[in-house]
1. Residues of segment 186-225 being open to solvent by 30 Å² or more (accessible area, probe 1.4 Å), out of contact with any strand residue (DSSP E or B) (no Cβ under 8 Å at 6 or more places or on another chain) and either in a helix (DSSP H, G or I) or on the phi > 0 side of the Ramachandran plot (or both), which ones?
2. Which residues, counting only those in segment 173-185, are closer than 13 Å to Phe251 by Cα and either open to solvent by 30 Å² or more (accessible area, probe 1.4 Å) or in a strand (DSSP E or B) (or both)?
3. Under 7 Å between Cβ atoms, which residue pairs at least 6 apart in sequence (or on different chains) link something in segment 226-247 that is at pLDDT 95 or above and in a strand (DSSP E or B) with a partner that is more than 14 Å from the ligand (Cβ to nearest atom) and open to solvent by 60 Å² or more (accessible area, probe 1.4 Å)?
4. Working only within segment 69-114, note down all residues that are among the hydrophobic types (A, V, I, L, M, F, W, C) and closer than 19 Å to Ala40 by Cα.
5. Residues that are free of Cβ contacts under 8 Å to residues at least 40 places away in the same chain and under 17 Å from the mean Cα position of the chain (by Cα): does segment 176-198 have at least one?
6. For segment 227-243, check the following and say yes or no: at least one residue is more than 15 Å from the ligand (Cβ to nearest atom), acidic (Asp, Glu) and open to solvent by less than 60 Å² (accessible area, probe 1.4 Å).
7. Give the residues of segment 104-115 that are outside any loop (DSSP other than H, G, I, E, B) and open to solvent by 50 Å² or more (accessible area, probe 1.4 Å), sorted by residue number.
8. Only one of (1) more than 16 Å from the ligand (Cβ to nearest atom); (2) part of a helix (DSSP H, G or I) is not met by Glu170, so which one is it?
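The values are calculated or read from the model by the stated rules, or taken from the named source; none is laboratory data. Note that the structure is predicted; figures quoted are calculated from it, not measured. Using ideal geometry, Cβ is built from the backbone for each residue, glycine included, and neighbour counts are taken over all protein chains shown. These accessible areas exclude ligands, DNA and RNA; they are computed on the full protein's heavy atoms, side chains included. Shrake-Rupley method; radii C 1.70, N 1.55, O 1.52, S 1.80 Å.
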Amino acid sequence: MTNRQRLGIHTMTLKSWSLQETCAALAAAEVPAITLWRQAIEPVGVDLARQLVEDAGLRVTSLCRGGFFPAATEQGRQDAIDENRRVIDEAAAVGAPAVVLVCGAVPGQSLQTSRAQIQDGIAAVLPHAKACGVNLSIEPLHPIYAADRSAVNTMAQARRMCEQLNGENETQVGIAADVYHIWFDDALEQEILLSGKAGWLHAFHICDWKVEQSDPLQDRGLMGEGVIDIRQIYQWMSAAGYTGDIEVEIFSSHHWAKDPNLFLQEILTAYDECL
Ligand code: ZN
């Protein structure tokens, strides 16, 4: 496959468009894949969302997102497990092969405790994911988010959870590798290779890390605007056997403010140049 045949765009990247508008625009631009943010599905419901995606000829890369397993109370952790089962149902209904997990963290609770709760939470929903044929993709987040969004902050931590949770030769639990969250890791090449050999590289997300960021959540760069050597990480993913979609995931109030048609064109150009 050429790289363009592997291109996926996250609905959040083009968030000023409705799901209908995004599907139509991606089809017109010959973008073959889409990742669905749950909020993009909500206004239309899963059945119509699936129809829109299929009518546009799009492949669904993942449903985003499940996770947020840690909680201060037993009830809170159970609620998270119940919610993740619903997310898995939604993924199956919309035709997504995987759910991306933003694993969660509780401010003030130790990261070790949160990690144990994450592992227990994934273990609790794993039988349901298997029954539905939906993969679970742990997305390690940059440590800037360790306090409240994810206690899983490196590829190595995610890999160790995959080791604990998967049976022998199983790949149901894997990793969504996002350059924004992992680019600085001195063990990155090695970790990508280890996870790739095990079959645990589920997804590859790209954007860029701007040196000056006005907001840790919504000021990600378009590929080429920052400092990440995306081509190098792409080569490591390829060497590790990853052949799946390459997903552009850009949360950026700066880019969202412009005409999404223009932004989509910029994404296509930047995508071709960065790989
Ligand atoms: Zn991501």
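1. Glu189, Gln190, Leu193, Leu194, Lys197, Ala198
2. Listed by number, the list holds a single entry, Asp178.
3. Short answer, once both residue conditions are applied: none.
4. Residues satisfying the conditions are Val87, Ile88, Ala91, Ala92, Ala93, Val94, Ala96, Ala98, Val99, Val100, Leu101, Val102.
5. no
6. no
7. Applying the first criterion (outside any loop (DSSP other than H, G, I, E, B)) to segment 104-115 yields 104, 111-115.
Matches in segment 104-115: Leu111, Gln112, Thr113, Arg115.
8. It fails just one condition, (2).
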